[in-house]
């Protein structure tokens, strides 16, 4: 048997080959981790947008339900409306848009120190408009309240709107 010459024997990777394979592996792992980080960021943004949109929808639904079952006070403007709820013990509730905090809040009394309940976050715009009509005595009253709000998270925007007619009307003086 003839011995194999020393220069033809291969026992494994050489130093250059090993360094090259480590470099390629490191680049692939870096690309995978960057893709994973971008994917995780997109998921976080989508979850936050979904949560903000859902809470805005629930807050809008709550507000419109209260308008339908209560009465609208004459103290309203484009970013605040005061309602008087129906039921055995009517309550005054103020719905207010806070542009500095991007929130829609509900206050249970006219007391400015009262606790504010946050109904929606990430609200970039909210406006109320009131259509006037007449009641059964031909006195002016609120016929319908239109509500429009915008939610913005990341690059995502959505505009929600609704309208409700109060079943009880306060007569304007």
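FYI, it's all coordinate maths here, none of it is from the lab. Source: prediction; values computed, not measured. With ideal geometry, Cβ positions are generated from the backbone for all residues, glycine too; neighbour counts draw on all protein chains shown.
Miscellaneous remarks
- Meeting the requirement of 2 or more residues that are surrounded by fewer than 16 Cβ atoms within 10 Å (Cβ to Cβ) and out of contact with any helix residue (DSSP H, G or I) (no Cβ under 8 Å at 6 or more places or on another chain), the strands (runs of 3 or more DSSP E) wholly within the range 40-148 are 71-77, 116-121, 123-134.
- Inspection of the range 96-105 finds no residue satisfying the criterion of being farther than 19 Å from residue 150 by Cβ and touching a residue at least 12 places away in the same chain (Cβ under 8 Å).
- Of all residues in the range 46-57, none that is touching a residue at least 40 places away in the same chain (Cβ under 8 Å) has its Cβ atom under 8 Å from the Cβ atom of a residue that is surrounded by 13 or more Cβ atoms within 10 Å (Cβ to Cβ) and part of a helix (DSSP H, G or I), 6 or more apart or on another chain.
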